[in-house]
Structure formats: C-alpha cells, structure tokens
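Trainee: Got a structure here, written out as structure tokens. Questions coming.
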Amino acid sequence: MLVEVLLKVAAIEAEENEQEYRPRPSAAGPERCLRQLVYFARGVPKEPMLDRMALVFDDGHVNEGTTAKWIGKTAFRLHHQQLRVKVGTVTHNGQLYDIEGSIDGLVSDFLGITTWLWEHKAINRYTFEDYWTGKKLPLDYITQCGCYLFGLAAAGWPQVTQALLVIKCKDTSDYIEFRLEYDRDADAIRILEVVRASTAERRYDVVNQNTVLTGVRRQALERFELVEQYRVTQTLPDRPFVEPQKFPCGRCQYQQRCWDGWVPPKLDGRIDLSAQDAAMVLEFERISNEFYQIKRRREELSDQIKLFLRANRAKEGLAGDKLVRLEQRPQSRVDPELLPPEIRKSATREVLQEFPKVLPAPHTILRRADTKE
C-alpha cells in the first residue's frame, strides 16, 4: 500500500524540480554522452524518468550527508560545504556564460596545515570494484575535481591543489579514496594513490601509465562549446554506441528518440580473430560446457533428493553437519491457454535474442573428412 506511492511521488517531485540545460562541472567529463547533452541543450522533451531513478539520485545526497557526519567525528575538519567556484567561461545560448559549481566541501587536518578538496560519490558495488581494481577510471569525477581545484584559486584557496575523491559503495558501505593532485599551469591531474577503507590497502599501480590526465579543464570547456555548436545548427553528434546499451542508454530520457528507426545491422562475412579474442572464445566454450554439465547434474541430484525424501515421507534429512529441507513455494504463473486468442496474440511479440555459439571451424571439418578417406 505505502510503497506503491513512494516511487510515484519521488518521480513527480523530480520532474517538478527539473532545470534547464546549463554547462556545469558535473556534466563536464568525457564519459558523459555528448548526444544526450545536445538533446538537453536543444530543449528536446524528455521521456518519463524511471520512477526509481529519482530515489537513486536522492540516495546519493543522503549518503554524502552520512559520510559528512562521520567525518565530523574525526580529527579532520569539514568546512566550506557547497562553496561556489567558477571554473571557466563558455558560449551558452549565444552568450558568454560563467560555469560555476558547488563543491562538496574542504577538509583540513586537525592543525589546519593541509587542506584538500572533498568530493563525495555513491555508486553500486560493480562499478566500485571496477574502480578499485583499475578496470575503469572515474574520469567524470576526476574531471569535476580538476575543474573545482582550478576554481578554488580564484575563490581564495590557491593553496588547495589536492583533492580527496571519496567513493562510497551503496551496497556494502565500503569506501575507496582517490587522492588527486592538480597542476593549474599544466591543466593536468595526477592520481597519487587509491585507498580502500575496509582493508586499509593502498594502491599506486591502479592506473599504470595513465597516472596523469592532461588537458582536463580545457577538454571540458571544449565539450560545452561543441554542445553549443550542435544547438545552433540543430544537429546531433553520432551515437557513442553501435547499438543500444543497458547502461547508460537504459537510463537515458532520450533513449526512444535517440534510437528511433534503428535496426540491428545485418551480419555477414567472417573475420580472423586475434590471439587474444580467440582465447576468449575458447574460454567461453569451456565455461559453457562446464556450466551445462553442472546444471544437468544439479537437476539430477535435485530430483533424487526429492525422491528419497518423499519416499520416506520426510521434509528434512540430516547429512552429517548439513540439513537438507524440501521447501515448497507457491508461484503465480500466467496460463496462456486460459486467455482469449485475440488477447494472447496481441500480447505476444517477437524479441531478437543474440548469443554466441561455438562451432568447429570449416577447415577442421574438411580436415576430418580427408582423414576418413
């Protein structure tokens, strides 16, 4: 009863608070879809937001407040929260526009000798682990920090050249911290180290040779100028993907418009895979075979366990220090045979499924045939 209205209320409030497009530091990163920004800048109507996304965004603010509360219980001092800083000037709606943003805060040690920019993000555990292992870099967040560190000089904090980018895992409440250093003259940001809270482990190799990111602020300003050019000409940049992606396309409020009329390209021909890609195919085949064997064996064992429990009219059985229980859970399923034919037909749609299937290469088949002869 209650939960049925929560998402609806959150979505309505998010829609009412929707702001017009403006260049801002949080949208300055290279991972942000340029095509999405152009749609937004051109004033193209958005599709309805997924109701739960409004709460996802709100959770980010709640997590920031929670972390700030715990910082307040340490020897560090969090101050100047939501301080406005100017990070550059671009063309917006045909006029010069000062890009401003509000920092999450500044953090100083207990003696006030060293001060860092503090930026907080909250993400899911999959992306969290990708950032920790170095599989991905939080380029948008790093760009935002670089822009803010540039702006802090004019805001009266030229001594602040480092940032603590604190990223919280919303699923586990673990933290990782990227310690960054920005060179204003070179417009370059260096990743000094990455620290994980739960293990106190420090990593200096997480980015290998990509430790220094150059042209951070310049590239951000250039992207906003590019958005303005597309707005003026009423054109669109190419899609960043060859086909719709679950993320970020699945959460984009321009998804249907962006991919309208798109059809999957016809696949034809054959290519020679690199050694790395060929190894991936062989690993896929091996894992698939093991999976099917394990799945089949699991089903066989399940049937046998149910059989001997029923034969003994027992719900549970002791197996050493393990207990097996025959559980029954009711399930609700739609029986298509009970539906009128016209409804069944209108509710049926064809969905294209794609999956790799590993087969013997043609030359190996010919070789086997020659061997038999």
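Trainee: Which members of region 339-369 meet the condition of being of a type outside the set (S, T, N, Q), part of a helix (DSSP H, G or I) and modelled with pLDDT of 65 or more?
Mentor: Within region 339-369, PRO341, GLU342, ILE343, ARG344, LYS345, PRO362, HIS363 meet the criteria.
Trainee: For residues in region 114-130 being touching a Pro at 6+ places or on another chain (Cβ under 9 Å) and free of Cβ contacts under 8 Å to residues at least 60 places away in the same chain, which is most open to solvent (accessible area, probe 1.4 Å)? Quick ask: steps written out before the conclusion?
Mentor: Step one: of region 114-130, the residues touching a Pro at 6+ places or on another chain (Cβ under 9 Å) are 121, 123, 127.
Retained after the next criterion (residues that are free of Cβ contacts under 8 Å to residues at least 60 places away in the same chain): 123, 127.
Details: ILE123: 14, THR127: 32 Å².
The extreme case among them is THR127.
Trainee: Related question: Of these, PHE241, PHE308, which one is under 30 Å from THR143 (Cβ atoms), of a type outside the set (Val, Ile, Thr), free of Cβ contacts under 8 Å to residues at least 60 places away in the same chain and surrounded by 10 or more Cβ atoms within 10 Å (Cβ to Cβ)? I'd like the intermediate steps shown before the answer.
Mentor: Values: PHE308 fails: under 30 Å from THR143 (Cβ atoms).
Testing whether each residue is under 30 Å from THR143 (Cβ atoms), of a type outside the set (Val, Ile, Thr), free of Cβ contacts under 8 Å to residues at least 60 places away in the same chain and surrounded by 10 or more Cβ atoms within 10 Å (Cβ to Cβ) leaves just PHE241.
Trainee: Out of all the residues in region 312-326, which are within 15 Å of LEU301 (Cα to Cα) and open to solvent by 100 Å² or more (accessible area, probe 1.4 Å)?
Mentor: Once the filter is applied, which keeps residues that are within 15 Å of LEU301 (Cα to Cα) and open to solvent by 100 Å² or more (accessible area, probe 1.4 Å), region 312-326 yields only ARG325.
Trainee: Just the residues that are surrounded by fewer than 16 Cβ atoms within 10 Å (Cβ to Cβ) and touching a residue at least 12 places away in the same chain (Cβ under 8 Å), please, taken from region 101-113.
Mentor: SER102, ASP109, PHE110, GLY112
Trainee: Please work out if GLU129 is modelled with pLDDT under 95 and not in a strand (DSSP E or B).
Mentor: Working: modelled with pLDDT under 95: yes; not in a strand (DSSP E or B): yes.
Against the criterion (modelled with pLDDT under 95 and not in a strand (DSSP E or B)), GLU129 qualifies.
Trainee: Something else: Considering only residues that are surrounded by 10 or more Cβ atoms within 10 Å (Cβ to Cβ) and in contact (Cβ under 8 Å) with a residue 12 or more places away in the chain, which ones fall in region 257-281?
Mentor: ARG257, CYS258, TRP259, TRP262, PRO264, VAL281
Trainee: Only strands (runs of 3 or more DSSP E) wholly contained in region 61-111 count here; list those with 1 or more residues that are within 30 Å of TYR230 (Cβ to Cβ).
Mentor: On the way: elements: 77-79, 84-92, 95-102, 105-108.
Hits in region 61-111: 84-92, 95-102.
Trainee: Only one of LYS136, LYS170 is under 27 Å from HIS61 (Cβ atoms), out of contact with any His (no Cβ under 8 Å at 6 or more places or on another chain) and without any contact (Cβ under 8 Å) to a residue 12 or more places away in the chain; which?
Mentor: Working: LYS170 fails: without any contact (Cβ under 8 Å) to a residue 12 or more places away in the chain.
Step by step, each of LYS136, LYS170 is checked, and only LYS136 is under 27 Å from HIS61 (Cβ atoms), out of contact with any His (no Cβ under 8 Å at 6 or more places or on another chain) and without any contact (Cβ under 8 Å) to a residue 12 or more places away in the chain.
Trainee: Please work out which one of (1) open to solvent by less than 50 Å² (accessible area, probe 1.4 Å); (2) assigned to a loop (DSSP other than H, G, I, E, B); (3) without any contact (Cβ under 8 Å) to a residue 24 or more places away in the chain is the condition GLN253 fails and give its number.
Mentor: Here GLN253 clears every test but (3).
Trainee: Specify the residue that is nearest to GLU100 (Cα to Cα); the eligible residues are those in region 9-57 that are under 21 Å from the mean Cα position of the chain (by Cα), at pLDDT 90 or above and in a loop (DSSP other than H, G, I, E, B).
Mentor: Per the criteria, the residue is ARG24.
Trainee: List the number of the failed condition for GLN95; all other conditions in (1) surrounded by fewer than 19 Cβ atoms within 10 Å (Cβ to Cβ); (2) touching a helix residue (DSSP H, G or I) at 6+ places or on another chain (Cβ under 7 Å); (3) over 24 Å from GLN159 (Cα atoms) hold.
Mentor: GLN95 satisfies every listed condition except (2).
Trainee: Determine if region 195-204 includes at least one residue that is free of Cβ contacts under 8 Å to residues at least 12 places away in the same chain and farther than 27 Å from LEU164 by Cβ.
Mentor: no
The values are calculated or read from the model by the stated rules, or taken from the named source; none is laboratory data. Small disclaimer: the values here were computed from a predicted structure and weren't measured. Cβ sites come from the backbone with ideal geometry, for glycine too, and all protein chains shown count toward neighbours. SASA here: full protein model, heavy atoms, side chains in, ligands and nucleic acids out. Shrake-Rupley method; radii C 1.70, N 1.55, O 1.52, S 1.80 Å.
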